[in-house]
Amino acid sequence: MATEMKRIPCMAANWKMNKTSAEAADFVRQILPQLKELAGVERVICPPAAALPALSALLAGSGVGLGAQNMHWEAKGAFTGELSAAMVKEFCAYVIIGHSERRGLFGETDEMVAKKVKAALAAGLIPIVCVGETLSENEAGQTDAVVRRQMNAAFDGLTVEQAAKAIVAYEPVWAIGTGRAAHGPDANRVVAGSIRSVLAAKFNPGVSAAVRVLYGGSVTPENIAEFLSEPEIDGGLVGGASLKPDYVEIVRAALKRVH
Ligand code: PEP
């Protein structure tokens, strides 16, 4: 696996359905002075959609990126409750796609994820593409098959240039919000063996070496170093801990990553 290319570490915060716009703005005002100083790490905050306008104004010029948690693949039309890529792009540079909660609770299929990834890239957004196996899939020894299937679907039909811009988050579903994080070496094995190898086969080794792959699932300031020490993991997608000043400590830890 080609690892000689330097990948900028990235720490993305997924706030899920937490914080009103006012609460989001208060929290960002609190952590922004410290976050701004950690410029060696790509920092991305993904609040609920209702907070995007307020945070977009607060984060302008700060170096801290803003992301949506979801989008629709169609440009416009009768899709009540949805946001198009252009609507997201008004405020954001990033968008999370295919989070396991979208897949599991809202019926998102691999095909829908693929359409969203394509629409996001076409609009100039950076998709943070989530993949990962459920507990039962893990216990049945299907982790690699599931992650490879999700990767192959999500990256289908992209150009080499588009694929290289994407970020992937490996999030074992059993580790999300459970306090039971994966072990760093196990996550690294999946990233190398199923995520980067699909990218190498589908595109080329350069794409495989360029794409940032984040680990997600019960990341804390205490366990983040375990993931950052793994050669194929470039940062984290952080849920619960990103709602607190812990997020700053997790970002700070990524400054020490040397590969
Ligand atoms: C997530 O929402 O993507 C996530 C990883 O959540 P948590 O960090 O709370 O497990």
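Annotations
- Those residues of segment 70-102 which are crowded, with 23+ Cβ neighbours inside 10 Å and assigned to a loop (DSSP other than H, G, I, E, B), in sequence order: M71, C92, G98, H99
- Restricting attention to segment 1-24, the residues that are under 19 Å from M71 (Cα atoms) and open to solvent by 80 Å² or more (accessible area, probe 1.4 Å) total 1.
- Looking across V191, V213, V248, one residue alone is touching a helix residue (DSSP H, G or I) at 6+ places or on another chain (Cβ under 6 Å) and within 29 Å of Q162 (Cβ to Cβ). It is V213.
- Residue satisfying all of: in segment 226-243; more than 21 Å from H99 (Cα to Cα) and not in a helix (DSSP H, G or I); farthest from the ligand (Cβ to nearest atom) among these: P231
- Flag not set for G124, criterion: within 16 Å of the ligand (Cβ to nearest atom), outside any helix (DSSP H, G or I) and open to solvent by 40 Å² or more (accessible area, probe 1.4 Å).
- The number of residues in segment 25-44 being closer than 19 Å to I126 by Cα, open to solvent by 30 Å² or more (accessible area, probe 1.4 Å) and assigned to a loop (DSSP other than H, G, I, E, B) comes to 2.
- On inspection, P47 does not qualify as closer than 17 Å to I224 by Cβ, surrounded by 13 or more Cβ atoms within 10 Å (Cβ to Cβ) and touching a Lys or Arg at 6+ places or on another chain (Cβ under 7 Å).
- Only one of the listed residues (A114, A85, A78, A120) is in contact with a Pro (Cβ under 9 Å, 6 or more places away or on another chain) and modelled with pLDDT of 95 or more. That residue is A120.
- Residues in segment 196-225 that are under 23 Å from R149 (Cβ atoms), within 16 Å of the ligand (Cβ to nearest atom) and open to solvent by less than 10 Å² (accessible area, probe 1.4 Å): V213, L214, Y215, G216, G217.
- Matching residues, segment 165-195, being of a type in the set (D, E, K, R), within 15 Å of the ligand (Cβ to nearest atom) and open to solvent by 40 Å² or more (accessible area, probe 1.4 Å): R180
The values are calculated or read from the model by the stated rules, or taken from the named source; none is laboratory data. Everything numeric in this text was worked out from a predicted model, so none of it was measured. FYI the Cβ positions are ideal-geometry reconstructions off the backbone, even for glycines, and counts take in every protein chain you see. Heavy atoms of the whole protein, side chains included, go into the accessibility calculation; ligands, DNA and RNA do not. Shrake-Rupley method; radii C 1.70, N 1.55, O 1.52, S 1.80 Å.
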